[in-house]
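Step one of this worksheet: look at the structure below.
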Amino acid sequence: MKRIVTLQDLSCLGKCSLTVMLPTLSAMGIECSLLPTAVLSTHTAFPAPAVLGLTDFAFRTLEHWKTIGAGFDGILTGYLSGPEQVALAQALTQDFAESGTVVITDPAMADHGRLYGGLSPELVPAMAKLCRRADLCLPNLTEAALMAGLPCREEADLNRCRYLGERLLEMGCRAVMLTGAETGPGQIGWYYTDGAGEAFGGVEKLPRSCHGTGDLFAAVVSGGILLGMEPGKAGQLASEFVARAIGGTGADSRWGVAFEKELPWLAQQCR
Ligand code: PXL
């Protein structure tokens, strides 16, 4: 069985980050180890969550894991609450990425043209550095523009994706999969480029966007790649899974998307 480790927060209510990663990757048949960076009462789209930072604990965890000879086929980093946690992601990669380990970074820090609540702009260059070290990064269009030092725009069509993808490759990223791309009329999906070629795909756009879908997308893409899928196949599986989950979600998506009932379908696709 493949084993992935994922570094991000544990938001106790409002499904995102670790509470999405663990069930989704498990359903895909992947063993998922957790390195929590912080515990929050809710994610930050709810007002004033209680927060317990776990940076020291996470560094101690890495030290402990070294003593027991832990190893991973994949490393997936997501939401980090500040530049000091980027150092944690770097340590994880430095200490545990072996020759066959796939390193994936989701610079989960912004959407709809702005940073998530409570994050400082210093996180942007730190995340960009992390993306440069990864085999694949998974920004949405806001995160891509911020990391490339460009103004955020509404446009998300293929021209915009190609432009942002090129800027990120120029910055030193090895491969980029942009999420929230408008890949055709009425379509939403992903755009992939690695300099050698491009691919894109998506699904029919639903008339709403929901909280936590970026994390769900990152989990499925990472799992798919670990299972040996081409990036495009993994991206398409992720888009379809997210669309199914949004379809079953109630009016207030801050509680998270209803992905649980779709896990058997996802497991079936991974057999
Ligand atoms: O879904 C990304 C995410 C993860 N973790 C926390 C967040 C967010 C987005 O708002 O607040 C704590």
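The values are calculated or read from the model by the stated rules, or taken from the named source; none is laboratory data. The structure presented is a predicted model; accordingly, all values stated were derived computationally and were not measured. A quick note on method: Cβ atoms are made from the backbone with ideal geometry, for glycine too, and the neighbour counts reach across all protein chains shown. What goes into the accessible areas is simple: the full protein's heavy atoms, side chains included, and nothing from ligands, DNA or RNA. Shrake-Rupley method; radii C 1.70, N 1.55, O 1.52, S 1.80 Å.
Every residue in region 247-264 that is touching a residue at least 24 places away in the same chain (Cβ under 8 Å) and surrounded by 15 or more Cβ atoms within 10 Å (Cβ to Cβ), please.
Of region 247-264, the ones touching a residue at least 24 places away in the same chain (Cβ under 8 Å) are 247, 249, 253-257, 259-260, 263-264.
Within region 247-264, Thr249, Ser253, Arg254, Trp255, Gly256, Val257, Phe259, Leu263 meet the criteria.
Is it true that Leu119 is part of a helix (DSSP H, G or I), within 16 Å of the ligand (Cβ to nearest atom), in contact (Cβ under 8 Å) with a residue 24 or more places away in the chain and more than 26 Å from Gly223 (Cα to Cα)?
Details: part of a helix (DSSP H, G or I): no; within 16 Å of the ligand (Cβ to nearest atom): yes; in contact (Cβ under 8 Å) with a residue 24 or more places away in the chain: yes; more than 26 Å from Gly223 (Cα to Cα): yes.
No; evaluated as a whole, the condition is false for this residue.
Quick one: which residue in Leu92, Leu141 is farther than 28 Å from Thr183 by Cβ and open to solvent by less than 60 Å² (accessible area, probe 1.4 Å)? Lay out the reasoning, then the answer.
Numbers: Leu141 fails: farther than 28 Å from Thr183 by Cβ.
Answer to the selection: Leu92.
Grab the helices (runs of 4 or more DSSP H) fully contained in region 152-271, keeping just those with 3 or more residues being away from the ligand (no atom under 16 Å from the Cβ), out of contact with any helix residue (DSSP H, G or I) (no Cβ under 6 Å at 6 or more places or on another chain) and of a type in the set (A, V, I, L, M, F, W, C). Even if it seems obvious, please write down each step before you answer.
On the way: elements: 158-170, 213-226, 231-247, 263-269.
Because the criterion is at least 3 residues that are away from the ligand (no atom under 16 Å from the Cβ), out of contact with any helix residue (DSSP H, G or I) (no Cβ under 6 Å at 6 or more places or on another chain) and of a type in the set (A, V, I, L, M, F, W, C), the helices (runs of 4 or more DSSP H) in region 152-271 that meet it are 158-170.
Run down Leu35, Leu25, Leu13, Leu7 and say which single residue is open to solvent by 60 Å² or more (accessible area, probe 1.4 Å), in contact with a Ser or Thr (Cβ under 9 Å, 6 or more places away or on another chain) and either under 24 Å from Leu226 (Cα atoms) or in contact (Cβ under 8 Å) with a residue 12 or more places away in the chain (or both). Walk me through how you get there before you give the answer.
Working: Leu35 fails: open to solvent by 60 Å² or more (accessible area, probe 1.4 Å); Leu25 fails: open to solvent by 60 Å² or more (accessible area, probe 1.4 Å); Leu7 fails: open to solvent by 60 Å² or more (accessible area, probe 1.4 Å).
Leu13 is the lone residue from the list that is open to solvent by 60 Å² or more (accessible area, probe 1.4 Å), in contact with a Ser or Thr (Cβ under 9 Å, 6 or more places away or on another chain) and either under 24 Å from Leu226 (Cα atoms) or in contact (Cβ under 8 Å) with a residue 12 or more places away in the chain (or both).
Please go through (1) touching a strand residue (DSSP E or B) at 6+ places or on another chain (Cβ under 6 Å); (2) at positive phi for Gly172 and return the number of the only condition it doesn't satisfy.
Here Gly172 clears every test but (1).
So if I check each of Gly195, Gly212, which one is at pLDDT below 95, more than 24 Å from Leu18 (Cβ to Cβ) and either of a type outside the set (A, V, I, L, M, F, W, C) or under 17 Å from the mean Cα position of the chain (by Cα) (or both)? First the steps, then the outcome.
Numbers: Gly212 fails: more than 24 Å from Leu18 (Cβ to Cβ).
On inspection, the qualifying residue turns out to be Gly195.
I'd like to verify a number: residues in region 56-73 that are more than 18 Å from Cys12 (Cβ to Cβ), open to solvent by less than 90 Å² (accessible area, probe 1.4 Å) and in a helix (DSSP H, G or I), how many? Give the steps one after another, and end with the answer.
Step one: filter region 56-73 for residues more than 18 Å from Cys12 (Cβ to Cβ), giving 56, 59-73.
From what is left, the residues that are open to solvent by less than 90 Å² (accessible area, probe 1.4 Å) are 59, 61-62, 65, 69-73.
Next, from what is left, pick out any that are in a helix (DSSP H, G or I): 59, 61-62, 65.
Selection size over region 56-73: 4.
When only residues in region 95-114 that are within 16 Å of the ligand (Cβ to nearest atom) and in a strand (DSSP E or B) count, which is surrounded by the fewest Cβ atoms within 10 Å (Cβ to Cβ)?
Going residue by residue through region 95-114, those that are within 16 Å of the ligand (Cβ to nearest atom) are 104-114.
So of that shortlist, the ones also in a strand (DSSP E or B) come out as 104-105, 110-111, 114.
Numbers: Ile104: 24, Thr105: 29, Ala110: 23, Asp111: 20, Arg114: 12.
Only one residue fits best here, namely Arg114.
Could you tell me whether region 154-171 includes any residue that is modelled with pLDDT of 95 or more, crowded, with 16+ Cβ neighbours inside 10 Å and closer than 30 Å to Glu63 by Cα?
No - not one qualifying residue is present in region 154-171.
Restricting the search to region 8-46, which residues are within 8 Å of the ligand (Cβ to nearest atom), assigned to a strand (DSSP E or B) and not charged (D, E, K, R)?
Gln8, Ser11, Ala38, Leu40
Between residues in region 210-221 that are farther than 10 Å from Gly256 by Cα and residues that are among the aromatic types (Phe, Trp, Tyr) and near the ligand (Cβ under 9 Å from one of its atoms), which pairs lie under 8 Å by C-beta distance while being six or more apart or on different chains?
Asp215/Tyr79
Here is a yes/no grid of residues against (1) over 20 Å from Arg132 (Cα atoms); (2) away from the ligand (no atom under 16 Å from the Cβ); (3) without any contact (Cβ under 8 Å) to a residue 12 or more places away in the chain; (4) aliphatic (A, V, I, L, M):
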| site | (1), (2), (3), (4) |
| --- | --- |
| Ala50 | yes, no, yes, yes |
| Thr55 | yes, no, no, no |
| Gly69 | yes, yes, yes, no |
| Tyr79 | no, no, no, no |
| Gly82 | no, no, no, no |
| Ala89 | no, no, no, yes |
| Leu92 | no, yes, no, yes |
